[in-house]
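**Student:** Here it is: the structure, laid out below.
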There are 2 protein chains.
Amino acid sequence: MRIGIVGYGNLGRGVESAIRQNADMELVAVFTRRSPESVKIRTEGVPVLHTDEALKMKDLIDVMILCGGSAKDLPEQTPAFAEHFNVIDSFDTHANIPAHFDRVNAAAKAGGKVAVISVGWDPGLFSLNRMYAGAILPDGRDYTFWGKGVSQGHSDAIRRIDGVLDARQYTIPVPEALKSVRAGENPELTTRQKHTRECFVVACEGADLARIEREIVTMPNYFADYDTTVHFISMEELRRDHGGIPHGGVVIRSGKTGWDGEHSHIIEYSLKLDSNPEFTSSVLVAYARAAYRLAGEGACGCKTVLDIPPAYLSPRSGEELRAMIL
Amino acid sequence: MRIGIVGYGNLGRGVESAIRQNADMELVAVFTRRSPESVKIRTEGVPVLHTDEALKMKDLIDVMILCGGSAKDLPEQTPAFAEHFNVIDSFDTHANIPAHFDRVNAAAKAGGKVAVISVGWDPGLFSLNRMYAGAILPDGRDYTFWGKGVSQGHSDAIRRIDGVLDARQYTIPVPEALKSVRAGENPELTTRQKHTRECFVVACEGADLARIEREIVTMPNYFADYDTTVHFISMEELRRDHGGIPHGGVVIRSGKTGWDGEHSHIIEYSLKLDSNPEFTSSVLVAYARAAYRLAGEGACGCKTVLDIPPAYLSPRSGEELRAMIL
């Protein structure tokens with residue numbers, strides 16, 4: 001399976017590493033909108049090309065993994081590439097998924113290609129678990145908690161405050177809320193009761209720390225609805241203690257069965273990730289295998305993780321899976 | 001969707017209850033090998049018929065859910081029914097799944113029907129999670145823990161000992177083992193290090209309790225390889241405190257990503273079930289929906305949970321799922 005990568009940020013680098021863990025895959029080229037000479041990749045002998053040159057590689061690439069951002073890159077890139085390549089993206093703006101799906105679907109059908117969108121862990125693996133658990137326990141309730149982990153969007157929002165040099169924001173589930181859900185108590189939880197936010201901020205020398213803290217904790221949408229803690233630290237401490245991009249979370253379904261709903265059940269799926277982008281990349285790469293197999297069967301159009309048979313993610317045959325994993 | 005149930009034990013009763021939770025399903029008939037007059041079901045107006053009469057209902061039943069045991073019933077029943085009906089079974093003798101698959105596949109293909117075998121939680125949901133997690137983190141390791149829960153087979157083994165009136169056996173994961181796996185330590189674990197077994201035994205009056213205990217803890221295959229605790233209790237206590245059939249367990253994959261495997265990740269899936277048979281029944285019913293949809297598309301032959309797109313389990317459309325769950 002010959003793979004191309006579009007975009008060489010954290011996600012693109014993660015895909016490059018993940019390809020190395022899968023013997024049936026080979027990285028063919030990395031495409032960038034930057035000047036290709038300025039981009040150094042790790043895989044020896046693989047070219048870095050400008051995105052404009054991708055079409056020339058049409059027949060040499062089985063699946064193109066699109067590693068751009070959901071805000072600006074993917075809404076344009078995924079439909080454009082889906083007309084010429086089988087593609088995978090990690091589009092994660094939940095509210096815009098239906099519109100993105102329609103545009104990608106039209107493009108992929110026009111080109112006779114397979115596109116799999118919104119691949120990752122949420123949307124992605126968490127969606128799968130909400131789907132399975134909800135179908136199995138229709139009389140029940142879903143809870144999704146995120147963290148403990150770094151939220152890039154919230155960290156960026158702090159960095160835009162006057163007097164802030166750098167910042168890292170952690171989203172943390174409230175332990176009491178998790179405990180209540182796990183106990184099958186089916187609590188009604190407000191935003192504030194589900195997650196807290198912890199911020200590590202490097203301020204400019206002489207900045208008004210009280211004002212920065214106030215601007216953070218009262219920021220609408222981002223922080224105002226949460227209990228937020230702010231710690232001012234040095235740039236050295238930020239680099240030393242907060243350099244990683246960990247994340248994770250939990251999806252829980254609590255439901256009832258029995259003639260009178262007399263029995264309770266808890267289905268829980270959790271992720272504890274040292275590197276959010278590398279894990280997301282690993283999911284993208286597994287779904288690249290599925291896209292390749294679907295395309296080989298003559299499928300076309302846009303799919304999501306909900307549409308794809310689990311076995312298509314594995315390099316193993318049906319016989320092997322039944323004997324070893326079932 | 002018109003459903004038939006074959007076999008009316010714990011599982012069959014669970015399926016009957018689960019059908020009531022799914023508005024798109026209707027129970028059409030319950031089939032039994034006992035005398036039908038002796039079987040009272042809960043759903044009003046639904047007939048109980050002898051298994052021999054099932055074929056007459058061929059055109060009135062969309063999916064037949066087979067609720068017999070894996071040891072004696074399903075190896076015969078599933079191939080026999082799969083020639084005439086779309087069927088679901090919960091065949092759970094892991095080692096015999098490949099042979100069972102082949103026989104059911106031949107029968108279902110001959111009849112142009114869809115059969116889904118080994119549906120439940122292990123095999124079933126646990127298999128799905130081993131499959132997804134293994135495909136996403138190829139450089140990693142799987143751990144499956146069962147319990148805390150009642151093992152029917154082990155309880156039966158104790159009941160066969162001379163001087164035992166009744167017994168209940170709980171399988172319990174060793175907390176230290178779970179903790180080590182969750183910490184990403186990738187331990188090598190022996191059978192004894194993974195699970196303990198706790199037995200509640202009602203002995204005949206005057207029975208030699210020391211001998212019974214010795215026979216339990218030294219029983220090959222069942223108990224000899226485990227740390228086993230035996231408690232002698234009264235029949236009253238057994239009924240009062242051990243009447244339920246709870247179960248559950250955990251599937252964990254611990255894996256590495258990054259250019260040099262420098263980042264660790266933990267994927268964990270866990271079930272905490274008040275009623276093992278009712279939960280299994282709920283999984284069977286969700287897969288009945290999938291079988292019906294596959295059959296409607298002209299599919300035939302034997303499938304497992306690994307072959308079935310997740311969305312087929314849900315009564316919701318692709319549009320709804322993308323908007324609500326993805």
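The values are calculated or read from the model by the stated rules, or taken from the named source; none is laboratory data. For clarity, every value in this text was computed on a predicted model and none was experimentally measured. No Cβ is skipped: glycine too gets one built from the backbone with ideal geometry, and neighbour counts run over all protein chains shown. Remember, those area values only see protein heavy atoms, side chains included, never the ligands or the DNA or RNA. Shrake-Rupley method; radii C 1.70, N 1.55, O 1.52, S 1.80 Å.
**Student:** When only residues in the stretch A:257-280 that are facing chain B (nearest Cβ under 7 Å) and part of a loop (DSSP other than H, G, I, E, B) count, which is nearest to A:Ser17 (Cα to Cα)?
**Tutor:** In this case the residue turns out to be A:Asp274.
**Student:** Still on this structure, please answer the following. Identify all residues within the stretch B:281-304 that are facing chain A (nearest Cβ under 7 Å) and part of a helix (DSSP H, G or I); write none if there are none.
**Tutor:** Within the stretch B:281-304, the subset facing chain A (nearest Cβ under 7 Å) is B:282-283, B:286, B:304.
Those that are facing chain A (nearest Cβ under 7 Å) and part of a helix (DSSP H, G or I): B:Ser282, B:Val283, B:Ala286.
**Student:** Could you tell me which residue of the stretch A:67-114 is farthest from A:Gln152 (Cα to Cα), considering only residues that are open to solvent by 50 Å² or more (accessible area, probe 1.4 Å), more than 13 Å from chain B (Cβ to nearest Cβ) and aliphatic (A, V, I, L, M)?
**Tutor:** A:Ala110
**Student:** Spot the failing condition for A:Thr78; the list is (1) more than 18 Å from the chain's Cα centre (by Cα); (2) within 21 Å of A:Lys56 (Cβ to Cβ); (3) not aliphatic (A, V, I, L, M), and only one is missed.
**Tutor:** Every condition holds for A:Thr78 apart from (1).
**Student:** So, in the stretch A:262-278, how many residues would count as being over 16 Å from the mean Cα position of the chain (by Cα) and open to solvent by 20 Å² or more (accessible area, probe 1.4 Å)? Before you say what the answer is, go through the steps one by one.
**Tutor:** Applying the first criterion (over 16 Å from the mean Cα position of the chain (by Cα)) to the stretch A:262-278 yields A:262-268.
Filter once more, so that each one left must be open to solvent by 20 Å² or more (accessible area, probe 1.4 Å): A:262-264, A:268.
Of the residues in the stretch A:262-278, 4 are over 16 Å from the mean Cα position of the chain (by Cα) and open to solvent by 20 Å² or more (accessible area, probe 1.4 Å).
**Student:** In addition: Has the stretch A:14-22 got any residue that is open to solvent by 30 Å² or more (accessible area, probe 1.4 Å), small (Gly, Ala, Ser) and within 13 Å of chain B (Cβ to nearest Cβ)?
**Tutor:** No, the stretch A:14-22 has no match at all.
**Student:** So is B:Gly9 at negative phi, surrounded by 17 or more Cβ atoms within 10 Å (Cβ to Cβ) and either within 14 Å of chain A (Cβ to nearest Cβ) or out of contact with any Cys (no Cβ under 6 Å at 6 or more places or on another chain) (or both) or not?
**Tutor:** Values: at negative phi: yes; surrounded by 17 or more Cβ atoms within 10 Å (Cβ to Cβ): no; either within 14 Å of chain A (Cβ to nearest Cβ) or out of contact with any Cys (no Cβ under 6 Å at 6 or more places or on another chain) (or both): yes.
Taking the combined requirement at face value, the residue does not satisfy it.
**Student:** Quick check on this structure: which one of B:Leu178, B:Leu128 is part of a helix (DSSP H, G or I), hydrophobic (A, V, I, L, M, F, W, C), surrounded by fewer than 19 Cβ atoms within 10 Å (Cβ to Cβ) and within 14 Å of another protein chain (Cβ to nearest Cβ)?
**Tutor:** Working: B:Leu128 fails: surrounded by fewer than 19 Cβ atoms within 10 Å (Cβ to Cβ).
Answer to the check: B:Leu178.
**Student:** Of the conditions (1) modelled with pLDDT of 95 or more; (2) under 13 Å from the mean Cα position of the chain (by Cα); (3) within 29 Å of B:Arg192 (Cβ to Cβ), B:Val119 satisfies every one except a single condition; which number is it?
**Tutor:** (3)
**Student:** Moving on. Would you confirm, using the coordinates I've provided, whether B:Ser254 is of a type in the set (Ser, Thr, Tyr) and surrounded by 18 or more Cβ atoms within 10 Å (Cβ to Cβ)?
**Tutor:** Criteria met by B:Ser254.
**Student:** Here is a follow-up. Looking only at the stretch B:131-153, which residues are of a type in the set (Phe, Trp, Tyr) and in a helix (DSSP H, G or I)? Can you show your working first?
**Tutor:** As a first pass, look at the stretch B:131-153 and keep what is of a type in the set (Phe, Trp, Tyr): B:132, B:143, B:145-146.
Answer for the stretch B:131-153, where residues must be of a type in the set (Phe, Trp, Tyr) and in a helix (DSSP H, G or I): just B:Tyr132.
**Student:** Go through (1) closer than 20 Å to A:Leu74 by Cβ; (2) of a type in the set (D, E, K, R); (3) open to solvent by 30 Å² or more (accessible area, probe 1.4 Å) and name the single condition A:Arg42 misses.
**Tutor:** (1)
**Student:** All but one of (1) closer than 23 Å to B:Gly69 by Cα; (2) surrounded by fewer than 16 Cβ atoms within 10 Å (Cβ to Cβ) hold for B:Ser155; state the number of the condition that does not hold.
**Tutor:** In the conditions (1) closer than 23 Å to B:Gly69 by Cα; (2) surrounded by fewer than 16 Cβ atoms within 10 Å (Cβ to Cβ), B:Ser155 misses (2) alone.
**Student:** What number of residues within the stretch B:279-315 are touching a Pro at 6+ places or on another chain (Cβ under 7 Å) and surrounded by fewer than 22 Cβ atoms within 10 Å (Cβ to Cβ)?
**Tutor:** Residues that pass the stated criteria total 2.
**Student:** Based on what the data block shows, is A:Thr171 in contact with a helix residue (DSSP H, G or I) (Cβ under 9 Å, 6 or more places away or on another chain) and not in a helix (DSSP H, G or I)?
**Tutor:** Numbers: in contact with a helix residue (DSSP H, G or I) (Cβ under 9 Å, 6 or more places away or on another chain): yes; not in a helix (DSSP H, G or I): yes.
Considered against the rule, which asks whether it is in contact with a helix residue (DSSP H, G or I) (Cβ under 9 Å, 6 or more places away or on another chain) and not in a helix (DSSP H, G or I), A:Thr171 comes out as yes.
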